[in-house]
Amino acid sequence: MAKPLVETEGLRKSYFTGAGALEVLHGVDFRLTEGEFAAVMGPSGSGKSTFMNILGCLDTATSGVYRLLGEPVSKLSADELAERRNRFLGFVFQGYNLLPKSDLLENVGLPLLYARVGSSERRRRAMDQLEKVGLGPFARRLPGQVSGGQQQRAAVARALVGKPSLILADEPTGNLDSQTSDEIMSLFVNLNDEGSSIILVTHEPDVAACAKRLVRFHDGLLVEDGPVEGRRTL
Ligand code: ADP
């Protein structure tokens with residue numbers, strides 16, 4: 001049986017503000033196994049980012065269980081969470097989040113720097129990933145010297161360089177025109193075909209239709225979870 005990568009049971013999250021506690025996740029049960037490609041949709045404010053931040057070990061739940069590769073994370077310290085994040089997860093964001101003064105090769109190698117990989121191996125592995133996403137010739141350019149689509153490709157290469165168990169992508173096509181968005185989505189589809197596991201948040205039905213599974217949030221609850229009907233091919 002495929003290994004569960006993430007499992008949540010009765011996951012709840014409250015934010016504590018001046019006005020008191022505001023619960024924004026009301027008990028979410030979710031499980032994702034190796035090789036899956038899930039799109040997460042739902043209206044603004046429905047809890048998608050809160051859920052993704054917990055899955056990404058960027059935040060912790062108020063109650064309920066979250067297991068990452070079988071390990072409950074609620075008891076882990078901030079340092080331990082950071083270590084799991086770096087070892088098991090790759091992140092892609094809407095705004096690319098590349099360091100503007102570092103070239104693409106250095107940006108892609110960054111997770112390896114955090115993992116204390118030596119500089120020559122770091123360069124070699126970063127270059128391999130850049131070539132894999134078609135950016136070999138642009139390795140020495142700064143982010144500002146390439147297009148938005150190329151910056152997002154570099155961000156995908158950065159997410160992959162540490163060989164993560166799971167890729168978490170938050171609106172990765174949100175800043176791109178539809179053609180460039182399709183190029184990035186075909187990159188994700190290829191990665192999934194090669195075995196990568198992906199969870200991707202999007203507002204766009206066309207983007208979600210490239211995934212294999214669709215998860216929908218509404219008012220802090222997971223209200224729909226099933227296979228994508230009529231999967232879009234690119
Ligand atoms: P989505 O990603 O679906 O737009 P979010 O997870 O960002 O939804 O937000 C869910 C709810 O939690 C919203 O009502 C939002 O205002 C609230 N919220 C998010 N972050 C915080 C925070 N740090 N403090 C207080 N409320 C928050």
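Tabulated values for the structure
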| read-out | value |
| --- | --- |
| Residue-wise HN-Hα coupling along segment 18-34, computed from phi with Karplus coefficients 6.51, -1.76, 1.60 (Hz; x: Gly, Pro) | x, 7, x, 7, 10, 7, 10, 10, 10, x, 10, 9, 8, 8, 10, 9, 3 |
| Förster radius 45 Å - calculated FRET efficiency between Lys212 and Gln145, Cβ distance, rounded to 0.05 | 0.80 |
| With Cα atoms, 0 to 90° folded angle of helix 148-160 axis to the chain main axis | 70 |
| Relative contact order for segment 51-167, counting Cα pairs under 8 Å that sit 6 or more residues apart, in percent | 32 |
| Mean Cα-pair separation over length for segment 83-234, i.e. relative contact order, pairs under 8 Å, 6 or more apart, % | 25 |
| Bins of 5 Å from zero: percent of alpha-carbon pairs in segment 169-234 | 4, 16, 28, 28, 15, 7, 2 |
| Segment 104-231 - Debye-derived log10 I(q)/I(0), Cα point model, q = 0.11 Å⁻¹ | -0.42 |
| Inter-label distance, nm, simple model (7 Å from Cα along the C-beta direction), Leu234/Asn53 | 2.8 |
| Trypsin sites (Lys or Arg not before Pro) restricted to DSSP loop in segment 33-90 with at most 10 other C-beta within 10 Å | Lys75 |
| Quarter of Cα convex hull surface for segment 11-54, i.e. mean projection, nm² | 3.7 |
| For the chain, the Rg and Dmax computed from alpha carbons only, in angstrom | 17.6, 53 |
| Rounded Å value of the spacing that divides the Cα centres of segment 2-52 and segment 65-139 | 23 |
| For segment 83-161, the fraction of alpha-carbon pairs in successive 10 Å shells from zero, as % | 22, 58, 20, 0 |
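Readers should treat all values here as calculations from the given coordinates under stated rules, not as data from a laboratory. Treat the numbers as computed from the prediction; the structure is a model and nothing was measured. Using ideal geometry, Cβ is built from the backbone for each residue, glycine included, and neighbour counts are taken over all protein chains shown.
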